[in-house]
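Following: one structure in structure tokens, then a few remarks.
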Amino acid sequence: MLFPSVHIAIAFSAGMVLSQTLLAQIPSAEVDRVRRDKIETILRIQDLRTPFDSKLVALLGDGDPIVRRRATLAYGSLQDTTQIPLLTHNFTTADEATEEAAAFALGQTGTRLSERGRRDLEYDLIWNRLGQSAAAGRMIEEMGKFGTENGLNDLMIRFGNAPPIPYPERLMMCIARYAIRGIVSRDAVRFLLRYVQPGIATPWQAMYALQRIGDHPDTRAYIETIRLLYKDRDPLVRMNLASLLAKLHDKGGASEILLRMAEFDTDWRVRVNAYKALGTFPWDGSSAVVTALRRAMYDPNPHVCLAAIASLGQTGITPEDSDATVRETLKELSYVARNASGGFPWQLQAEAAGALAKIDGEIPPALGSESAEIYPKLRARLLIACGESGKAQAAPILFKAAQDENAEVACAALDGLVSLLRGSRRDITLRDSVFALALEELKRNDVAISATAASMLGDSLLLRRDAVAPLLDALSDLHPPHDSEAMLEIIASLGKLADTRAVQPLIGLLQSLDPGVALAAATALHSMTGDDYARRITPKTEPITVDLDFAFLRALPDVVRVTLKTSRGNIGLELSKNDAPFTTMSIVKLASQRGFYRGLTFHRVVPNFVVQGGDPRGDGWGGPEYVLRSEFSMEPFSTGTVGMASAGKDTEGSQFFITHSPQPHLDGRYTVVGRVVSGMEVVDALQVDDRIYDLALDP
């Protein structure tokens, strides 16, 4: 037997029968009260991160199926490997909802096992338990998160070779999750290609898995059929097709297909992916590609414009090209980058300046413009482009900007200097000056600047033992949770320097209140000494901050409807108390009690990925001065999903993001707090620096 769980299972079954018998004899009001108390116990244990609590272990076998499911689901966030025997037991009970929760919890927890532990678990699941559970489909997909190459081969033997295939979409997503982790099977690729056939509807999950796998001989051999999917009715198939064609290096055959998709597809997300794909093919004199990219600079959809301009900077065209189309395109790109008339949004101007710097090494002339002073984000992007130009004249501009009071501008200047240094590796004087500046910037009382400077000192170009003492001094002045991200960067750089002076201070951080900081210290110590320090981390029984306001939580409905009022229009959201109770409560309190979101901006927008906002600093480094525990759930990141931004597990705050399209690689790694129910067209229109007027609870 894999686990000594027989006695546990028998005891659980007996306890459940007894509890169910008693449950039927209790009045419904009392049942509701008892259930509420038990669920609050689960939430308290989950938020305080005390997985060894005997109360939670007992509730895994509770007679109330709702309680049992919630207790099981909690382990998807706790990820306590010692409870795998009980989770596997719950995976094969007669209660389908609990089995689904157990499958999810096993998928999340399996990632914490050793290689041997993963092999044992997957073997037990595949050959002993999948046939006994109503949640077999969910478990197949979840195994993609932790399974080994042997497990993928076993799954293909058992489920992939004999039609009719049970749970085909689940198996496709399982294969995709394996591919994300770098595990690929030829049988899996051939299984996916069965669903790429003329005359049948190709599931988008199959194309997603194929593009996650990328370049593969069997996929390339099937390229003629794959190309035809540009006509598929499902935009999710088409957008993943564009990404796949870029990875197959099918320059000759793909260009025409991608050009059609880029210029004529009716879904802007497909067009964005197609333009991104075109930018991955080196310039070979194809005027058609450059012409399409030039036309897209004036596309009505700004996401398409941005994608096309970014691709221009990657094509390899140069000012020396004799092609008339290239010359005209560079002329227009320069026109957008200068934006003398102010006729272009600053976001397009910034992207054009970056592309032009890569193409002809031009220092953005707009750096001294009025627009650059008005829009700090524009100035920040222009400074990065300044560094990417590779020109020696960029250095004094960047050194001066690094002293700017605006942290986002200062960080951009530091990043620009690193880019400049990479293009001037033999310039010893520049290297010494950048190193000295990074040491000075460590002392700035700003988490973003300190983190950026620490990251610079861990770069191979600037890695010097002279940095150890300043890094340790800076580290001693920082405290979680506000400074956690800067602490993580400093610890990472100390790990690369591998100086014995850092050993004792890092050992001290194994007791840090922030588990992420403690784990980073253990990782750095392991790289320095070869010893396993993870075992010496003090288990944390409480988070740094906690808000167990159950009275407030009880008053909230299961689905909290709110309106996100933005400068582009209103977005209707539903926040799920059941999926993310404390996160939902935090957002509601911030919005209703503090008016926290009024006047904030969307500081990050990645076309056909996410829009992100909720940062009081506006640069991605801010929050509400407290951190939340991650509340992972079974909800996937589909189109319009609202998730919580984080710098790692249990570091969420006020920043949220909304997805443009399905993003399965985020599943189980970020908290899903809700979904868009109206105004998705507003989400699609949002750009960097668009404003949030308010986040208001619906009456």
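The values are calculated or read from the model by the stated rules, or taken from the named source; none is laboratory data. Owing to the predicted nature of the structure, the values given are computational and were not obtained by experimental measurement. Reconstructed Cβ throughout: ideal geometry from the backbone, glycine too, with neighbour counts over all protein chains shown.
Considering region 236-282 alone, what residues qualify as being touching a Ser or Thr at 6+ places or on another chain (Cβ under 8 Å) and in contact (Cβ under 8 Å) with a residue 40 or more places away in the chain?
Leu236, Met239, Arg269, Asn273
Per-residue answers, yes or no, for (1) in contact with a helix residue (DSSP H, G or I) (Cβ under 7 Å, 6 or more places away or on another chain); (2) modelled with pLDDT under 95:
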site: Gly343; (1), (2): no, yes
site: Lys358; (1), (2): yes, yes
site: Ile363; (1), (2): yes, yes
site: Leu367; (1), (2): yes, yes
site: Glu370; (1), (2): no, yes
site: Ala380; (1), (2): yes, no
site: Leu383; (1), (2): yes, no
site: Glu388; (1), (2): yes, yes
site: Ala402; (1), (2): yes, no
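Could you go through region 513-527 and let me know if any residue there is β-branched (Val, Ile, Thr) and assigned by TED's automatic domain parsing to the domain that holds Asp459.
yes
Pairs under 7 Å by beta carbon, first residue over 12 Å from Val642 (Cα atoms) and outside the structural domain of Ile39 (by TED's automatic domain parsing) in region 572-597, partner part of a helix (DSSP H, G or I) and among the hydrophobic types (A, V, I, L, M, F, W, C), six or more apart or different chains?
Pro581/Leu43; Pro581/Leu553; Met585/Phe552; Met585/Leu553; Phe596/Leu590; Tyr597/Leu590; Tyr597/Ala591
Among the residues of region 425-444, is there at least one that is in contact (Cβ under 8 Å) with a residue 24 or more places away in the chain, surrounded by fewer than 22 Cβ atoms within 10 Å (Cβ to Cβ), within 28 Å of the chain's Cα centre (by Cα) and not assigned by TED's automatic domain parsing to the domain that holds Gly620?
There is no residue in region 425-444 that is in contact (Cβ under 8 Å) with a residue 24 or more places away in the chain, surrounded by fewer than 22 Cβ atoms within 10 Å (Cβ to Cβ), within 28 Å of the chain's Cα centre (by Cα) and not assigned by TED's automatic domain parsing to the domain that holds Gly620.
Can you work out which of the residues in region 488-504 that are more than 28 Å from the chain's Cα centre (by Cα) and β-branched (Val, Ile, Thr) is surrounded by the most Cβ atoms within 10 Å (Cβ to Cβ)?
The qualifying residue surrounded by the most Cβ atoms within 10 Å (Cβ to Cβ) is Val503.
Based on this model, can you work out whether Phe91 counts as in contact with a Ser or Thr (Cβ under 8 Å, 6 or more places away or on another chain), at pLDDT 60 or above and crowded, with 22+ Cβ neighbours inside 10 Å? Quick ask: steps written out before the conclusion?
On the way: in contact with a Ser or Thr (Cβ under 8 Å, 6 or more places away or on another chain): yes; at pLDDT 60 or above: yes; crowded, with 22+ Cβ neighbours inside 10 Å: yes.
Yes.
Mind checking whether some residue in region 55-68 is buried (at least 23 other Cβ atoms within 10 Å of the Cβ) and in contact (Cβ under 8 Å) with a residue 60 or more places away in the chain?
Looking through region 55-68, none of the residues is buried (at least 23 other Cβ atoms within 10 Å of the Cβ) and in contact (Cβ under 8 Å) with a residue 60 or more places away in the chain.
When you scan region 555-565, do you find a residue that is in a strand (DSSP E or B) and free of Cβ contacts under 8 Å to residues at least 24 places away in the same chain, even just one?
Checked region 555-565: at least one residue is in a strand (DSSP E or B) and free of Cβ contacts under 8 Å to residues at least 24 places away in the same chain.
State yes or no: is Val468 modelled with pLDDT of 95 or more, under 25 Å from the mean Cα position of the chain (by Cα), of a type in the set (Val, Ile, Thr) and surrounded by fewer than 22 Cβ atoms within 10 Å (Cβ to Cβ)?
The answer is no for Val468.
Being part of a loop (DSSP other than H, G, I, E, B) and in contact (Cβ under 8 Å) with a residue 24 or more places away in the chain is the requirement here; does Pro300 meet it?
no
Is there any pair linking a residue in region 134-160 that is aromatic (Phe, Trp, Tyr) to one that is in a helix (DSSP H, G or I), with Cβ under 8 Å and at least six apart or on different chains, and which?
Phe146/Gly107; Phe146/Gly110; Phe146/Thr111; Phe146/Arg118; Phe146/Leu121; Phe146/Glu122; Phe159/Ile140; Phe159/Leu171
Regarding region 99-112, can at least one residue be identified that is surrounded by fewer than 24 Cβ atoms within 10 Å (Cβ to Cβ), part of a loop (DSSP other than H, G, I, E, B), touching a residue at least 12 places away in the same chain (Cβ under 8 Å) and of a type outside the set (Phe, Trp, Tyr)?
Checking region 99-112: not a single residue is surrounded by fewer than 24 Cβ atoms within 10 Å (Cβ to Cβ), part of a loop (DSSP other than H, G, I, E, B), touching a residue at least 12 places away in the same chain (Cβ under 8 Å) and of a type outside the set (Phe, Trp, Tyr).
For the subset of region 639-651 comprising residues that are modelled with pLDDT of 95 or more and in contact with a helix residue (DSSP H, G or I) (Cβ under 9 Å, 6 or more places away or on another chain), which member is surrounded by the fewest Cβ atoms within 10 Å (Cβ to Cβ)?
Within region 639-651, the match that is surrounded by the fewest Cβ atoms within 10 Å (Cβ to Cβ) is Thr639.
When the residues of region 299-337 are filtered to those that are within 25 Å of Asp690 (Cα to Cα) and among the β-branched types (Val, Ile, Thr), which remaining residue is surrounded by the most Cβ atoms within 10 Å (Cβ to Cβ)?
My answer is Ile309.
Which of the residues belonging to region 271-303 are of a type in the set (A, V, I, L, M, F, W, C), out of contact with any Pro (no Cβ under 8 Å at 6 or more places or on another chain) and under 26 Å from Gly343 (Cα atoms)?
Listed by number, the residues that qualify are Val289, Val290, Ala292, Leu293, Ala296, Met297.
Which ones in region 652-674 are touching a residue at least 40 places away in the same chain (Cβ under 8 Å) and either under 11 Å from the mean Cα position of the chain (by Cα) or surrounded by fewer than 21 Cβ atoms within 10 Å (Cβ to Cβ) (or both)?
Phe657, Thr659, Pro662, Gln663, Pro664, His665, Gly668, Tyr670, Thr671 - these are the residues of region 652-674 that are touching a residue at least 40 places away in the same chain (Cβ under 8 Å) and either under 11 Å from the mean Cα position of the chain (by Cα) or surrounded by fewer than 21 Cβ atoms within 10 Å (Cβ to Cβ) (or both).
Among the residues of region 257-298, write down those that are crowded, with 21+ Cβ neighbours inside 10 Å and among the polar types (S, T, N, Q).
Across region 257-298, the qualifying residue is only Asn273.
Which residue is nearest to Asp124 (Cα to Cα), if the candidates are limited to region 154-182 and must be buried (at least 19 other Cβ atoms within 10 Å of the Cβ) and among the aliphatic types (A, V, I, L, M)?
Once the filter is applied, the top-ranked residue is Leu155.
Within region 627-654, can you find the residues that are of a type in the set (D, E, K, R) and in contact with a Pro (Cβ under 9 Å, 6 or more places away or on another chain)?
Taking region 627-654 first, the residues of a type in the set (D, E, K, R) are 629, 631, 635, 649-650, 652.
Selection gives Arg629, Glu631, Lys649, Asp650.
Please report, ordered by residue number, the helices (runs of 4 or more DSSP H) entirely within region 127-196 with at least 1 residues that are within 19 Å of Asp218 (Cα to Cα). It would help to see each step written out before you state the result.
Details: elements: 136-143, 149-159, 168-180, 186-193.
So the answer is 149-159, 168-180, 186-193.
What's the number of the only condition in (1) surrounded by fewer than 18 Cβ atoms within 10 Å (Cβ to Cβ); (2) over 19 Å from Ala555 (Cβ atoms); (3) at pLDDT 90 or above that Arg44 fails to meet?
(2)
For region 624-636, give me each residue that is at pLDDT 95 or above and out of contact with any helix residue (DSSP H, G or I) (no Cβ under 8 Å at 6 or more places or on another chain).
Residue satisfying the conditions is Glu635 alone.
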